[in-house]
Amino acid sequence: MDGNAEEAVQDALNLLQLFAGVAVGVLVSLVIAMLAWAALRVVSRKSENFAWLARRVKIPFFALFLVAGAWVGLNYTVQVLPTDAATWIPPLQHTLLIITIVMVSWMCYASAYVIEDIAKQRKEATGSRRLATQAQMLRRFVQLIVVILGAVAVILTFPSARIAMGSILASAGVISLVAGIAAQDSLSNTFAGLQITFTDAIRVGDVVVVDDQFGTIEEITLTYVVLAAWDDRRFIVPSTHFTQNKFENWTRANTKLAGTVELKLDWRAPVPLIRREVERLLEETDLWDRRSSSVQVTDATDGWMLVRVALTARNSGDLWDLRCYMREHLIDWVVQNAPYALTRTRVQKEDVVEVNLDRSEREIVELANELRDIEREGEKSAVRPDPEEPPAQTKQEARMRAAKNRASKVRRKRLRDRKVTTKVLAEPESTRVLSPAELLAIQQGTSAEVPANDDARGADDSAVTSTVGDRLYSGSEEAEARSKKLEGPSEEMQRKRVETQTLRALRLGDISEETAINKLGGDEPARQLVEAEMKRIQDEEQE
């Protein structure tokens, strides 16, 4: 009985000592954590990057120190305890070790967000969406690596798993080959996503055309790209599509675009007047960026000609509205001011004399022979008996031949009396050039005068410029938001992009210093930038 009491007292003391060691470890680690956090706060006041880090890792930082202190205190206490201590201590040690690994993984996972936070801050300052896109991809890649390493570290804490892991590593070649074949599509999409990000082929916010689908790059992940269409649809495009197929990037260099409006008009269309009307319409709209415009006849065939109006705009949204505006007003102007310029199908009428003769081919041949005989011999009766025809044997046959001869005489008389009459058109005393309106009236079968302004559509149907309803990318809050998505990179961002490409080429030795300065504008800031880059290159070579 006394032995059991002493054993119970000893177990209680061991347990108390164990909890005391854990508590001391937690307190010590908490003090260390507070000191380290205070130092981090001091540093974060001088460096904004450390401030972002402090905001992201505050909770996992203290959690890690608490769990790590408990684990260290438990291990230290176990070493001073008797070897026959409670059997539940090793599982507790293993559990605290796993929690410590999880806390480390959590803190590293949270720290990866700092990469994207810094990039977003620089994007707001410089408008560089390229950096934000690359930071987003890098953050996801780092977090994926952290999760994989954390899971492997937890598995390796089990002795049986270590043996299995050794066998797996021994056959790593075969497994990697099988896994590579099984996950070929996933791996190819992953590497394609990394290639897209770091080659700067596309960025978040770029306006692209993929398989005839027009939209804005909304998100870039490791395996796919989200394309936002103008009608709020979303297209999920695999990353490999951008590395294996061609696509259009309308904002790769800048957002300025040119477009055309084509009209099929009659050959009589007044092109100089159309050109003047285009100039007037462009001056009255804010959609034109005043870079260039032209009106040209690009084709003329099949009774019509193709008039092409070339226009420029600040971005794709303004270009769409400008083309619709120009097409609407030009059609209205042609209908009201030059209706003769509308395309039409021309038909020429001819007088046709119809001769209806109920004759068989045999009778026609006989008449032709009789006329020939009349002209040749001048006899009144051109009917001659056929020498090969035998004489009539009966009275009935003789009567039939006589009737035939009388009918022939009647036909000959009718042919002689027939006269061919011709209609002579009276010639005008002088030649007069008709106006387009008179030509149009003649074609319509009337001689009425056509007014110069044939308002066929009525006064109430004239094209009126409106800021509501006639524009897709301006005129309302929703339209302005839609247009903002199509603005693409800002001028500052484009300048940064050219700057990065030029300095990279300079570092690789592809271009000279003078060429780099000219590409960056040729001014004094460009020269200073190139000189600073050359100095950094020289310092790196010396190191």
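Every number in this text was worked out from the coordinates using simple rules, so none of it is lab data. All of these numbers come straight from a predicted model, not from anything done at the bench. Note that each Cβ is placed from the backbone with ideal geometry, even for glycine, and that neighbours are counted across all protein chains shown.
Rule-of-thumb check for the range 490-543: C-alpha Rg over 2.2 N^0.38 Å? Display every interim value, and only then the final one.
On the way: Rg = 11.2 Å, N = 54, 2.2 N^0.38 = 10.0 Å.
Compared with the compact-globule rule of thumb, the range 490-543 sits at 1.11.
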Once you have the Cα-Cα distance between Arg346 and Thr95, take 0.36 nm times their residue separation minus that, and quote the gain in nm to one decimal.
-> 81.0 nm
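Evaluate E = 1/(1 + (r/R0)^6) for Arg280 and Ala253, where r is the Cβ-Cβ distance and R0 equals 35 Å; express this FRET efficiency to the nearest 0.05. Walk me through the numbers before you get to the answer.
Working: r = 32 Å, r/R0 = 0.91.
The formula returns an efficiency of 0.65 here.
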Expressed as a rounded percentage, what relative contact order does the range 490-543 have, with Cα pairs under 8 Å and six or more residues apart?
-> 28
Please check which bits of the range 213-229 a label hung off Ala481 would reach, taking the label as a point 7 Å along Cα-to-C-beta and the cut-off as backbone N under 19 Å.
-> 215-219, 227-229
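Structure shown: which of Lys46/Lys535; Lys496/Lys535; Lys120/Lys496 lie over 18 Å apart, alpha-carbon to alpha-carbon? Walk me through the numbers on the way to the answer.
Numbers: Lys46/Lys535 27 Å; Lys496/Lys535 20 Å; Lys120/Lys496 15 Å.
Distance filter (> 18 Å) returns Lys46/Lys535; Lys496/Lys535.
Would you mind getting me the FRET efficiency between Thr500 and Arg527? Use the beta-carbon distance for r and R0 = 22 Å, nearest 0.05. Don't skip to the end; give the middle numbers.
Values: r = 17 Å, r/R0 = 0.79.
That pair, Thr500 with Arg527, gives E of 0.80.
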Extension gain, Arg233 back to Leu40 (0.36 nm per residue minus Cα-Cα distance, nm) | 64.9 nm
Two-site FRET efficiency, Leu149 against Thr243, from Cβ-Cβ distance with R₀ of 41 Å, rounded to 0.05 | 0.90
Inter-label distance for Trp267 and Asn49, nm, one decimal - labels placed 7 Å from Cα along Cα-to-Cβ | 7.4
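For Val226 and Lys535, compute 0.36 nm times the residue count separating them, minus their Cα-Cα distance, and round to one decimal in nm.
Values: separation 309, 0.36 × 309 = 111.24 nm, distance 4.08 nm.
Extra length from Val226 to Lys535 when fully extended: 107.2 nm.
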The range 134-154 residues near the modelled Leu194 label - backbone nitrogen below 12 Å, point 7 Å along Cα→Cβ | 138, 141-142, 145
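Could you please rank Val347, Val28, placing first whichever residue has the fewest other Cβ atoms within 10 Å of its Cβ? The partial results should precede the final answer.
On the way: Val347 6, Val28 14.
Placing the least packed residue first, the sequence is Val347, Val28.
Can you sort His241, His329 by how many other beta carbons sit within 10 Å, fewest first?
On the way: His241 16, His329 20.
Ordered from fewest to most neighbouring Cβ atoms within 10 Å, His241, His329 come out as His241, His329.
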